[in-house]
Amino acid sequence: MVLLTLESTRLFEHLVPALKGTGGERLLNQFFHHTWHGLHFWDLVQPTFMFVAGVAMAFSINKQRQTHSWRESFIKILKRCGWLFFWGVLDYAVRKNGLSFELWDVLTQLSFTTLVAFLIMGWPVYVQLIVSGLCLLIPELLYRFAHVPGFDQPFVDQHNFGNYIDLILMNKINPGGWVAINCISTSAHTIWGVLAGKLLLSDKTDSQKIRWLLFSGLVLLLAGFGLDWTHITPIIKRIATSSFVLASGGYCILFLAICYWWVDTRKHRDRLLFFNLFALNSIFIYLFFEIVGDRWFTGYILDITNGLFAFIHIPVIMAAILGSCVVFALEAGLLYFLYRKKIFFKV
């Protein structure tokens, strides 16, 4: 959420001209989505979001079981998924040329993956793994063997099965290549998150938990990159190919292993308030910078800072970068205010 908030301030965009032609340009490229076939660091942000949502759900449902029946938990999840879907659609609904219905937002995707993960989380581990495998296999088969004229090139932008489904659902194709049925394959991220959460809740020792996480993460990484390197299935984030989901899922699990080792095993729990501010109100800050920030707040603050910095003759590029930092500081301050007032937005 910290990275997404920084992106919303246009910081990375403002750094492009500052770093152009320098050694930092290649590093900065990692903070933008890969154009198509390949994997950048930024391509891992959404998978991590959906994976961590699964981890959190494992803890939440485990706590609910002490006071709630399965039916009550199911109703709560349905309501949560309904709100996630609503906010995800609303995020893209208002355009300058009118209202729009789009299903590409991460919250819309999460509403589907959360429901899938919840419905099977009581099943044996091996069955959940089989279901996650089916989540990868079904889109793979549809992309390869659903021969729809004009949309029968499985891994070609604007000409794949996902684009065809978008035409049916929304009567439009995303110019960036994103597709709504990504929610099927990325359900595996949330399912794996639930399984990882259950592992952390188990009575295994810390070292056993970390070993299992490291082993699982490496297996997924090898599987994902193996499919790509052998030219079986390319890693493409924009249509969430099976190889992408496997590779990104591997990184997510390794990231969790590192965090668990550092925070829970080594007890480095100090100085985490800054990150907790974003974690405790993650849905709020996401909707704030996506809706309020993107349409008004960010541009308004940047206009003010650019004007003020111009008075003291700060170069335009530096002024833009500093302006982004001011926007980020104000949004972090807003989260701190909510934290101090114990105001937490949940769906």
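The values are calculated or read from the model by the stated rules, or taken from the named source; none is laboratory data. Here the structure is a predicted model, which is why all the values come from computation and not from measurement. Cβ atoms come from the backbone with ideal geometry, glycine included; neighbour counts cover every protein chain shown. The protein model used for the area step is the full one, side chains on, heavy atoms only, and it has no ligands, DNA or RNA in it. Shrake-Rupley method; radii C 1.70, N 1.55, O 1.52, S 1.80 Å.
With respect to the conditions (1) within 19 Å of ALA18 (Cα to Cα); (2) open to solvent by less than 60 Å² (accessible area, probe 1.4 Å); (3) in a helix (DSSP H, G or I), ILE314 lacks only one, and its number is (3). Looking only at the stretch 222-242, count how many residues are assigned to a helix (DSSP H, G or I) and either closer than 17 Å to MET50 by Cα or of a type outside the set (Gly, Ala, Ser) (or both). Residues meeting the conditions: 9.
Counting the residues of the stretch 205-239 that are in contact (Cβ under 8 Å) with a residue 60 or more places away in the chain and surrounded by fewer than 19 Cβ atoms within 10 Å (Cβ to Cβ) gives 1.
Only one of the numbered conditions (1) assigned to a helix (DSSP H, G or I); (2) surrounded by fewer than 18 Cβ atoms within 10 Å (Cβ to Cβ) is violated by GLN66, and that is (1).
Here PHE12 does not fit the description of being surrounded by 15 or more Cβ atoms within 10 Å (Cβ to Cβ) and part of a loop (DSSP other than H, G, I, E, B). Is it the case that some residue within the stretch 175-188 is under 30 Å from LEU213 (Cα atoms) and free of Cβ contacts under 8 Å to residues at least 24 places away in the same chain? Scanning the stretch 175-188, I find no residue that is under 30 Å from LEU213 (Cα atoms) and free of Cβ contacts under 8 Å to residues at least 24 places away in the same chain, so the answer is no. I'd like to know if the stretch 69-78 contains one or more residues that are within 18 Å of the chain's Cα centre (by Cα) and closer than 30 Å to ILE165 by Cα. No, the conditions are met nowhere in the stretch 69-78.
As a summary of the residue check, HIS268 satisfies the conditions (1) within 21 Å of LEU137 (Cα to Cα); (2) modelled with pLDDT under 95 except for the one numbered (1).
Residues of the stretch 143-165 being in contact (Cβ under 8 Å) with a residue 24 or more places away in the chain and not polar (S, T, N, Q), which ones?
TYR143, PHE155, ASP157, GLY162 - these are the residues of the stretch 143-165 that are in contact (Cβ under 8 Å) with a residue 24 or more places away in the chain and not polar (S, T, N, Q).
Could you go through the stretch 268-287 and let me know if any residue there is buried (at least 17 other Cβ atoms within 10 Å of the Cβ), farther than 23 Å from GLY197 by Cβ and of a type in the set (Ser, Thr, Tyr). No, the stretch 268-287 has no match at all. Could we say that ASP43 is closer than 30 Å to LEU213 by Cα, touching a residue at least 24 places away in the same chain (Cβ under 8 Å) and assigned to a helix (DSSP H, G or I) here? Judged against the criteria, ASP43 is a match.
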